[in-house]
1. Summing Lys, Arg as +1 and Asp, Glu as -1, what charge do residues with Cβ under 14 Å from the Cβ of PHE119 carry, PHE119 excluded?
2. With Cβ to Cβ distances under 14 Å as the rule, what net charge do the other residues near PHE281 carry (K, R +1; D, E -1)?
3. Let's see if you can work this out: charge +1 on each Lys and Arg Cβ, -1 on each Asp and Glu Cβ, no other charges. What is the dipole magnitude of the chain about its Cα centre, in debye to the nearest 20?
4. What is the list of residues in segment 260-293 whose amide nitrogen lies under 18 Å from a point 7 angstrom out from the Cα of ARG223, following Cα to Cβ?
5. In nanometres, what is the gap between the two model label sites at SER254 and LYS15, each 7 Å from Cα along Cα-to-Cβ?
6. Please identify every one of the GluC sites (Glu not before Pro) in segment 18-92 that sits in a loop by DSSP and has no more than 15 other beta carbons within 10 Å of its own beta carbon.
7. How far is helix 7-16 tilted, in degrees, relative to the longest principal axis of the Cα atoms in the chain, given as a value from 0 to 90 rounded to the nearest 10?
8. What distance in nm separates the two pseudo spin-label positions at GLN109 and ASN86, each 7 Å out from Cα along the beta-carbon direction?
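Every number here is computed from the coordinates shown, using simple stated rules; none is lab data. These figures come from a predicted structure and were not determined experimentally. Here the Cβ is made from the backbone with ideal geometry for all residues, glycine too, and neighbour counts use every protein chain on show.
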Amino acid sequence: MRELTSPTTVREIIKAHGFKVRKALGQNFLMDANIIDKIVRAANLSENDLAFEIGPGLGVLTRRLAQEAGRVLAVEIDQNLLPILNETLADLPNAEVIQADARKVDFDQLAAERTQGQFGPGGKAYKLVANLPYYITTPLLLHLLTSGFNLELLVVMIQKEVADRLQASPGGKDYGSLSVVVQYYTVPEIVCKVPKTVFYPVPDVDSAVIRLTRRPVPPVQLRNEETFFKVVRAAFGQRRKTLINALTGSGLASKETWLSVLNETGLDPARRGETLSLEEFAALANQFWLLRE
Ligand code: SAM
């Protein structure tokens with residue numbers, strides 16, 4: 001098999017198949033063996049692992065995953081890539097490509113189907129390793145984290161700014177509702193930064209690899225998850241406003257209700273949403289939920 005990290009090979013494969021790179025599908029192919037090594041090492045794969053990949057592209061990362069994991073299921077939306085992947089993965093019987101939109105995939109169901117229940121709900125937890133299509137980073141991450149999939153670890157390449165947001169602390173400019181949601185489900189750690197020059201074609205933004213380790217137990221007790229997410233979104237809805245104005249502006253409840261919720265929770269209404277910790281958001285949402293019952 002020719003090296004898929006060689007720019008010449010990548011161009012040749014694309015040309016031989018008459019493949020048209022689609023920017024709209026976030027197609028930027030990674031061509032750096034070192035970065036691929038770092039991604040794969042961060043996932044700590046063994047032959048007992050099932051690894052999902054979203055967007056195998058030409059198969060550069062898929063090949064490495066198949067060498068380390070027992071089984072690889074790669075979900076690719078673009079059917080024009082299937083003949084290429086057929087070729088580039090031909091010598092790896094443990095790698096399978098599934099043509100689908102990853103936003104709509106029930107990963108638990110797919111895992112159970114393809115492994116006769118060994119992985120998935122009631123079975124073992126699996127991992128996901130991917131160089132994500134950036135135009136849908138947030139919806140993909142939310143789908144993967146909030147659907148209750150038996151997913152223990154995600155190692156993903158995303159835009160650098162989004163990676164900064166995922167691991168941001170309260171008070172900083174990068175801290176937002178995505179930080180809170182991701183940190184509720186996982187412990188995020190940036191593995192490495194990646195310059196845009198290692199992709200073909202070169203994207204507009206720099207990237208980072210981030211590892212998200214699923215928490216075995218939630219860091220805070222919530223009375224109702226949905227209410228928690230609504231309150232978090234409301235608090236960040238209008239960034240430069242005070243907490244009381246942002247919450248009232250969300251239309252979820254009246255100013256009086258929010259004042260009494262904040263009072264019961266011991267939170268100063270004049271604070272800004274972006275200064276609240278996960279614990280404070282949980283207390284706020286739990287009190288709001290109680291008051292609504
Ligand atoms: N893994 C390859 C690599 O590292 O070179 C390609 C990564 S490229 C950044 C993103 C890949 O995701 C492309 O192959 C693209 O076709 C695919 N993709 C885009 N939207 C998708 C979706 N909704 N579901 C599954 N795959 C998608």
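1. On the way: positive: ARG71, ARG114, LYS124, LYS127; negative: GLU47, ASP49, GLU96, ASP106, ASP108, GLU113, GLU152.
Summing Lys and Arg as +1 and Asp and Glu as -1 gives -3.
2. Numbers: positive: ARG223, LYS230, ARG233, ARG271, ARG272; negative: GLU225, GLU226, GLU274, GLU279, GLU280.
My count for the surroundings of PHE281 gives 0.
3. On the way: 34 positive and 33 negative charges, 145 e Å.
Charge dipole of the chain: 700 debye, to the nearest 20.
4. 260-267, 279-293
5. Going from the SER254 label point to the LYS15 one covers 7.2 nm.
6. Working: sites: GLU47, GLU53, GLU68, GLU76, GLU87; in loops: GLU47.
Within segment 18-92, the qualifying GluC sites (Glu not before Pro) (loop, at most 15 other Cβ atoms within 10 Å) are GLU47.
7. 80
8. It works out to 2.7 nm between the two label points.
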